[in-house]
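Inspection log for the structure reproduced underneath, given as structure tokens.
The values are calculated or read from the model by the stated rules, or taken from the named source; none is laboratory data. The structure displayed is predicted, hence computed values, not measured ones. No Cβ is skipped: glycine too gets one built from the backbone with ideal geometry, and neighbour counts run over all protein chains shown.
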Amino acid sequence: KRSEGRDHIFPIHHPWSFKSVRKYVKNAIWLLPDMDSTGNWYKPGQISLEKDLILPYVPNVDLCDANCLSENSSKRTTLLFFRGRLKRNAGGKVRAKLGAELSSAKDVIITEGTAGDEGKLAAQKGMRRSMFCLCPAGDTPSSARLFDAIVSGCIPVIVSDELELPFEGLLDYRKIAVIVSSGDAIQPGWLVNHLRSLSPTHIKGLQKNLAQYSRHFLYSSPAQPLGRLDMENGVSTSTLYLVDMIDFG
């Protein structure tokens, strides 16, 4: 009552989370996967960038650390990789179009995913053997696959219009990802040609930055403060440390 809920924090990190009580907690700080520009999951007035915080999904695959990145460097023979559900709702409908466009492209792997440990290992292996990982929208504009790609050292190819990303004011995603519009991506041959046109120097730079920034997308318990180097690179240590301390249990 004191603050009308403004000093409360709720982890609404799934489109269905807290759905039956959202109207009662709309003044609180919501922890979200994105702002859902489709308007399918949140009602007007419930979310805003002024009060809410966009957080990364918890990666479904293991971190590919420095040794892993070194071991897999020469094994990244697949140009573009995607493993997951090709049929989604709302903005995620672009997945089916991308699947149809890319399924027969050379050096591209597009396959339906499966749940469980077997599916996780298959996705992890595929990402570690690929140069680029396709990250289209899911039911909302964001997808956990983006963060799986980041921690796998696989350059994300973000295909999602009007997407707000975690820490976007602090991290320049153009340094770790290729960002394209849905309209361009589904044009015949466009995406593969675009990726092949990127210079080796540019690709090496993206990979180097991925190795540096991937740890910002991991949750740890107990929380791990970040060091001076992060401050010098323009990353707010206090912001990421605060996020890391949030108890999602």
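Quick check, is residue 116 at positive phi, buried (at least 24 other Cβ atoms within 10 Å of the Cβ) and either in contact with a helix residue (DSSP H, G or I) (Cβ under 8 Å, 6 or more places away or on another chain) or in the same structural domain as residue 94 (by TED's automatic domain parsing) (or both)? Working first, answer last.
Numbers: at positive phi: yes; buried (at least 24 other Cβ atoms within 10 Å of the Cβ): no; either in contact with a helix residue (DSSP H, G or I) (Cβ under 8 Å, 6 or more places away or on another chain) or in the same structural domain as residue 94 (by TED's automatic domain parsing) (or both): yes.
No, not satisfied.
Can you find even one residue in the stretch 190-204 that is assigned to a loop (DSSP other than H, G, I, E, B), out of contact with any helix residue (DSSP H, G or I) (no Cβ under 9 Å at 6 or more places or on another chain) and in contact (Cβ under 8 Å) with a residue 60 or more places away in the chain?
no
Within the stretch 152-175, which residues are of a type in the set (A, V, I, L, M) and either modelled with pLDDT of 95 or more or closer than 20 Å to residue 85 by Cα (or both)?
First pass over the stretch 152-175, keeping only residues of a type in the set (A, V, I, L, M): 155, 157-159, 163, 165, 170-171.
Result: 155, 157, 158, 159, 163.
Could you tell me which of the residues 226, 242 is part of a helix (DSSP H, G or I), outside the structural domain of residue 147 (by TED's automatic domain parsing) and modelled with pLDDT under 65? First the steps, then the outcome.
Numbers: 226 fails: part of a helix (DSSP H, G or I).
Answer to the check: 242.
Does residue 23 meet the test of being more than 20 Å from the chain's Cα centre (by Cα) and in a loop (DSSP other than H, G, I, E, B)?
Values: more than 20 Å from the chain's Cα centre (by Cα): yes; in a loop (DSSP other than H, G, I, E, B): no.
When the stated conditions are applied, residue 23 does not pass them.
Within the stretch 47-65, can you find the residues that are crowded, with 19+ Cβ neighbours inside 10 Å and acidic (Asp, Glu)?
Scanning the stretch 47-65 gives a single hit, 52.
Out of 48, 17, 73, I need the residue that is free of Cβ contacts under 8 Å to residues at least 40 places away in the same chain and in the same structural domain as residue 167 (by TED's automatic domain parsing). Which one?
Working: 48 fails: in the same structural domain as residue 167 (by TED's automatic domain parsing); 17 fails: in the same structural domain as residue 167 (by TED's automatic domain parsing).
73 is the lone residue from the list that is free of Cβ contacts under 8 Å to residues at least 40 places away in the same chain and in the same structural domain as residue 167 (by TED's automatic domain parsing).
Pull up the stretch 78-92, narrow it to residues that are at pLDDT 75 or above and not in a loop (DSSP other than H, G, I, E, B), then point me to the one that is surrounded by the fewest Cβ atoms within 10 Å (Cβ to Cβ).
79
Inside the stretch 93-130, can you point out the residues that are charged (D, E, K, R), farther than 19 Å from residue 160 by Cβ and in a helix (DSSP H, G or I)? Let's see the steps before the verdict.
Narrowing the stretch 93-130 to residues charged (D, E, K, R): 93, 95, 97, 101, 106-107, 112, 117-118, 120, 125, 128-129.
Subset that is farther than 19 Å from residue 160 by Cβ: 106-107, 112, 117-118, 120, 125, 128-129.
Correct list: 117, 118, 120, 125, 128.
I'd like to check something: does the stretch 157-171 contain any residue that is closer than 18 Å to residue 105 by Cα and either within 16 Å of the chain's Cα centre (by Cα) or not polar (S, T, N, Q) (or both)? Before you say what the answer is, go through the steps one by one.
Initial filter on the stretch 157-171 (closer than 18 Å to residue 105 by Cα): 157, 159.
If we keep only those that are either within 16 Å of the chain's Cα centre (by Cα) or not polar (S, T, N, Q) (or both) as well, we get 157, 159.
Yes, some residue in the stretch 157-171 is closer than 18 Å to residue 105 by Cα and either within 16 Å of the chain's Cα centre (by Cα) or not polar (S, T, N, Q) (or both).
Count, please, the residues in the stretch 152-189 that happen to be under 26 Å from residue 93 (Cα atoms), assigned to a helix (DSSP H, G or I) and not hydrophobic (A, V, I, L, M, F, W, C).
Residues in the stretch 152-189 being under 26 Å from residue 93 (Cα atoms), assigned to a helix (DSSP H, G or I) and not hydrophobic (A, V, I, L, M, F, W, C): 6 in total.
In the list 171, 206, 210, which residue meets the criterion of being over 23 Å from residue 100 (Cα atoms), touching a Gly at 6+ places or on another chain (Cβ under 7 Å) and surrounded by 17 or more Cβ atoms within 10 Å (Cβ to Cβ)? Give the steps one after another, and end with the answer.
Details: 171 fails: touching a Gly at 6+ places or on another chain (Cβ under 7 Å); 206 fails: touching a Gly at 6+ places or on another chain (Cβ under 7 Å).
Going through 171, 206, 210 in turn, the sole match is 210.
Given the residues 185, 149, 144, which is the only one that is within 25 Å of residue 215 (Cβ to Cβ) and surrounded by fewer than 23 Cβ atoms within 10 Å (Cβ to Cβ)?
On the way: 185 fails: within 25 Å of residue 215 (Cβ to Cβ); 149 fails: surrounded by fewer than 23 Cβ atoms within 10 Å (Cβ to Cβ).
That would be 144, the only listed residue that is within 25 Å of residue 215 (Cβ to Cβ) and surrounded by fewer than 23 Cβ atoms within 10 Å (Cβ to Cβ).
Among the numbered conditions (1) assigned to a loop (DSSP other than H, G, I, E, B); (2) over 24 Å from residue 128 (Cα atoms), tell me where residue 30 comes up short.
Just one mismatch for residue 30, condition (1).
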